[in-house]
Number of protein chains: 2
Amino acid sequence: MDFHTNVCIFAAKMTTITDIAAALGITPSTVSRALAGNPRVKEETRIAVQKKAEELGYEPNVVASNLRKGQSRIVGIVVPRIHREFFSNVIGGAENILNQAGYNVLICQTLESFDAEIKALKTLKNYRVAGVLLSHAINSMSGKHVKDILGSTPLVQFDRVFPDLPGAKIVGANCEGAYKATMHLIESGYRKIGTLAGFMTSQAYVERLAGYRMALEASGLPYDNSIVFYNTIVRETGYEAALKAIEAGCDALYSSGAFSALGAVDALKEKGFKGADEFGIVATSNEGFTGLMSPSLSTLNQHPFEMGEAAARAFLEGRVDTQVIPMELIIRQSSNKNNKWLK
Amino acid sequence: MDFHTNVCIFAAKMTTITDIAAALGITPSTVSRALAGNPRVKEETRIAVQKKAEELGYEPNVVASNLRKGQSRIVGIVVPRIHREFFSNVIGGAENILNQAGYNVLICQTLESFDAEIKALKTLKNYRVAGVLLSHAINSMSGKHVKDILGSTPLVQFDRVFPDLPGAKIVGANCEGAYKATMHLIESGYRKIGTLAGFMTSQAYVERLAGYRMALEASGLPYDNSIVFYNTIVRETGYEAALKAIEAGCDALYSSGAFSALGAVDALKEKGFKGADEFGIVATSNEGFTGLMSPSLSTLNQHPFEMGEAAARAFLEGRVDTQVIPMELIIRQSSNKNNKWLK
DNA sequence: AAATAAAATTCAAACGTTTGCACAAATTTT
DNA sequence: AAAATTTGTGCAAACGTTTGAATTTTATTT
């Protein structure tokens, strides 16, 4: 059943390589070679072919070409959610690089569903894509399914990666970033620093927690599990955790996410905190809003766009190593003791 | 030259329909029909084929299938920039619907370049996509090129559309939205309302300006071109225009964009304005940051996700009409006279 | 039991390219 | 001038699937 019957009844017959050949009294092979710039075809006929192709409005059928060549110029990108700021930036960066290299991107979102991830990978394999850029759904527990489905298709994992899978990996400097952020709080004079930690099923959050702990221990401060608030990544849970942190006597928080930090700010405002001299916050992820809210949030910029570019380049260059994208600490009002939140 | 030589030397031979046929001593045609659920193949052999397909780990080659069928299950989406909040939401909404209908999306970004738009459309045509969802680059002046390239490929334009192109169009209720926003300012008691207008080469901005004007005239207020600030869509120009608006004695602004409104807020803060009772602002586009900044911005929500869904459905249903997605006025601090900005 | 109808399968071509091999023509070498 | 080389084209098969028409098998009717 054709959905588009009412739109276009007669699909315009497109001119093929064979049409060009017929018009010039030569063979499709020669036309193919001419258009491909093969040096074994005479200059003269190459010109003639190009001219005729232009004249007939020829556009190559890449589906046929891909079938014959057994490979395509499409790279699949699998992300949990396209419209999450982090991922849309990764995609934007990757598309940019891939497009320059003559590739196009086929996008699948898993909406954090493991089953959808499997389906997406199968689809991409069925399209015989040249490679896959993948960030796992949050509830994927291992990379076994990927290997089974993708087989020999080159894979680049980014952000959420599984070490048991071969191939390139692009990850944020989670541990180092968390260390830097926590150290910044310590050096600013905060003394009881809690953390809004994420899900320990995710490597990235595990590493951030580790970095937080390392900074504390390197400074001789105690690591206190009672002020580690696990599974806190959204605004609501950030708010609740922050209330508990205040109760516990914390004077600062390192947050593994940006939205949980937003919730924490809600809690601080509600409790009458007035500035970073009273309570400091540094969040991971330099989401657009963090620089615009009040107080503006100190963050770790993960450079998602650059991460996408790195993933694309890793694919293009056939790399199989792990690259760590440094996180940049951006100090704003929420951790700047000399700066009242509301000026 | 194969980039991936070091990654995978032997491309795993994938099992084909022919392999299944050979294993069962039948013909590829029967296998094809069996897998397609054609009623002309015996129940018994259909089961056998499915079993063997499973056993051999068969995955269909959709490239071959597409070539033979002369159509694909890919829909191309062309946007100026993937990682702009509005577009990433449109894409997210469209992908969701299309995926449910068995389609996948190939994404191209034009980075606002007319040439890149042409290239993207050609690429999509070369892939013989089932349809194209398109939002034009800002410097495209007409839709002629689209018709020439796309031919009979179904087209759905969204947000930035050209009326001279046939096919479905999904647009925001720009005029109505601007009217509503401006009327809200008028009803709130503001008396000299300027506007941060966009580029008049873009239909959307023209309509927003028209809606602004209609509201003024419907209320007996003068339309004063000296407080219409054209080409003002980024933070910097919004800032500068707002300074002029203040100078000109305005007490409110309707902004055609969100970032220009952000710049306007910068200007107001700098000039010592303290609340919406002194100066009101309503912006178009309910970007995420608008609800989180201080003062929170009153906005018109364009419902980009729903717009993407509508575009996808328009394609699936073969519609050729124009759908108008209503804009929802969200009143926040920036236009709420009872609410000091800084509380 | 022969004739007819229905059901299941096979045959072969097609989709538009690409490419190894063969071949002819033009050019260079002996 | 014959032999060897280079240069440019053509031939035909292949990529993996789908599909109209032909054919075989099975079931139903006379």
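For segment A:72-166, what does the relative contact order come out to in percent, with C-alpha contacts under 8 Å and a separation of six or more?
33 percent
Provide the percentage of antiparallel DSSP beta bridges, counting only those with both residues in the protein assembly as shown; round to the nearest 5.
Among the beta bridges of the protein assembly as shown, antiparallel pairing accounts for roughly 15 percent.
Can you give the Rg and Dmax of segment B:72-166 based on its C-alpha atoms, in angstrom?
Reported Rg and Dmax, both Å: 12.2, 34.
Just report the Cα centroid separation between segment B:148-173 and segment A:92-114, whole Å.
If you average the Cα positions of each part, the centres end up 24 Å apart.
Report, as a whole number in µm² per second, the diffusion coefficient that Stokes-Einstein gives for segment A:84-240 at 25 °C and 0.890 mPa s using the Kirkwood radius over alpha carbon pairs.
After rounding, the answer is 139 µm²/s.
What are the distances, in nm and sorted shortest first, from the label point of B:PRO326 to the label points of the same position in each other copy, with each label point placed 7 Å from Cα along the Cα-to-Cβ direction?
Nearest to farthest, the other copies are at 5.2 nm.
Can you list, shortest first and in nm, the gaps between the label point of B:GLU278 and those of its counterparts in the other copies, using a point 7 Å from Cα in the C-beta direction?
Going from nearest to farthest copy, the values are 2.4 nm.
Would you mind checking which residues have amide H under 5 Å from B:THR322's amide H? H placed 1.01 Å from N; only 5 or more apart, or other chain.
Answer set, sorted by chain and number: B:LYS169.
Out of B:SER298, B:SER29, B:SER152, any idea which swings most in a Gaussian network model of chain B, alpha carbons joined below 10 Å?
Sorting by GNM fluctuation, first place goes to B:SER29.
Kindly provide the Kirkwood hydrodynamic radius of the protein assembly as shown in Å, to one decimal, from all pairs of distinct alpha carbon atoms.
In the protein assembly as shown this quantity evaluates to 27.8 Å.
Would you mind computing Rg(Cα) / (2.2 N^0.38 Å) for segment B:17-60, counting N as its residues?
0.97
Please work out the C-alpha center-to-center distance from segment A:120-147 to segment B:225-295 and express it in whole Å.
45 Å
On alpha carbon coordinates alone, what is the Rg over Rh value for segment A:126-188, Rh being the Kirkwood radius?
Value, to two decimals: 1.17.
Over the Cα atoms of segment A:210-282, each weighted equally, I'd like the Debye log10 I(q)/I(0) at q = 0.14, 0.15, 0.16 Å⁻¹, rounded to two decimals.
-0.40, -0.46, -0.53
Could you name the aspartates and glutamates in cross-link range of B:LYS144, using Cα to Cα under 14 Å and dropping any fewer than eight places away on the same chain?
Once the sequence-local aspartates and glutamates are set aside, what remains near B:LYS144 is B:ASP115, B:GLU117, B:ASP164.
Just B:SER219, B:SER202, B:SER256 to compare: in a GNM of chain B, with alpha carbon springs under 10 Å, which one fluctuates most?
B:SER219
What is the distance, in nm, between label points placed 7 Å from the Cα along the Cα-to-Cβ direction at A:ASN231 and at B:THR322?
Here the answer is 5.1 nm between the modelled labels.
In the neighborhood of A:LYS192, defined by Cβ-to-Cβ distances under 11 Å, what is the net charge if each Lys or Arg adds +1 and each Asp or Glu adds -1?
Net local charge, A:LYS192 excluded: -1.
Under 22 Å Cα to Cα from B:LYS180, which lysines show up? Leave out anything in the same chain fewer than 8 places away.
Leaving aside lysines fewer than 8 places away in the same chain, those within reach of B:LYS180 are B:LYS192, B:LYS337.
Can you list the residues, at least 5 places off or on another chain, whose amide H is less than 5 Å from the amide H of A:VAL156, using H built in the peptide plane?
Sorted by chain and number, the residues that satisfy this are A:VAL132, A:LEU133, A:LEU134.
Using a 1.4 Å probe on the protein heavy atoms, what percent of the accessible area of chain A belongs to carbon and sulfur?
53 percent
I need the semi-axes of the equivalent ellipsoid of segment B:212-341: take the C-alpha gyration tensor, multiply each eigenvalue by 5, square-root it, list largest first in whole angstrom.
30, 17, 14
I'd like the GluC sites (Glu not before Pro) in segment A:268-343 restricted to DSSP loop residues with at most 14 other Cβ atoms within 10 Å, sorted by number.
In loop regions of segment A:268-343 (DSSP not H, G, I, E or B), the sparsely surrounded GluC sites (Glu not before Pro) are A:GLU317.
For A:GLY257, what residues show an amide H to amide H distance below 5 Å, using hydrogens built from the backbone and excluding near sequence neighbours?
Distant-sequence amide H within range of A:GLY257: A:THR284.
Considering the options B:SER140, B:LEU150, B:PRO80, tell which one lies farthest towards the positive end of the dipole of chain B, charges being +1 on Lys and Arg and -1 on Asp and Glu at the Cβ, about the Cα centre.
B:LEU150
Take the cross-link list A:LYS122/A:LYS147; A:LYS122/B:LYS52; A:LYS13/A:LYS52; A:LYS69/B:LYS52; A:LYS119/B:LYS69 and give me the ones stretching past 20 Å between alpha-carbons.
From A:LYS122/A:LYS147; A:LYS122/B:LYS52; A:LYS13/A:LYS52; A:LYS69/B:LYS52; A:LYS119/B:LYS69, over 20 Å: A:LYS69/B:LYS52; A:LYS119/B:LYS69.
Considering only the label points, 7 Å along Cα→Cβ from Cα, what distances in nm to one decimal separate A:PRO28 from the same position in each other copy, shortest first?
Copy-to-copy label distances for A:PRO28: 1.6 nm.
Heavy atoms only, probe 1.4 angstrom, no DNA, RNA or ligands counted: give me B:VAL320, B:VAL161, B:VAL49 ranked by accessible area, highest first.
Largest accessible area first, the list is B:VAL320, B:VAL161, B:VAL49.
Taking every alpha carbon pair in chain B, what does the distance histogram look like in 10 angstrom bins from 0, in percent?
All Cα pairs, binned at 10 Å, distribute as 5, 21, 23, 19, 13, 8, 7, 3, 0 percent.
If I take every Cα pair under 8 Å that is 6 or more residues apart in chain A, average their sequence separation and divide by the length, what percent do I get for the relative contact order?
Averaging sequence separation for qualifying contacts and normalising by length gives 16 percent for chain A.
In whole percent, what relative contact order does segment B:114-261 give with Cα contacts below 8 Å and a gap of six or more residues?
Result for segment B:114-261 is 21 percent.
The values are calculated or read from the model by the stated rules, or taken from the named source; none is laboratory data. Because the structure is a prediction, the values reported are computed rather than measured. Glycine also receives a Cβ, built like all others from the backbone with ideal geometry; neighbour counts cover every protein chain displayed. Calculation scope for accessible area: heavy atoms of the full protein, side chains included, ligands and nucleic acids excluded. Shrake-Rupley method; radii C 1.70, N 1.55, O 1.52, S 1.80 Å.
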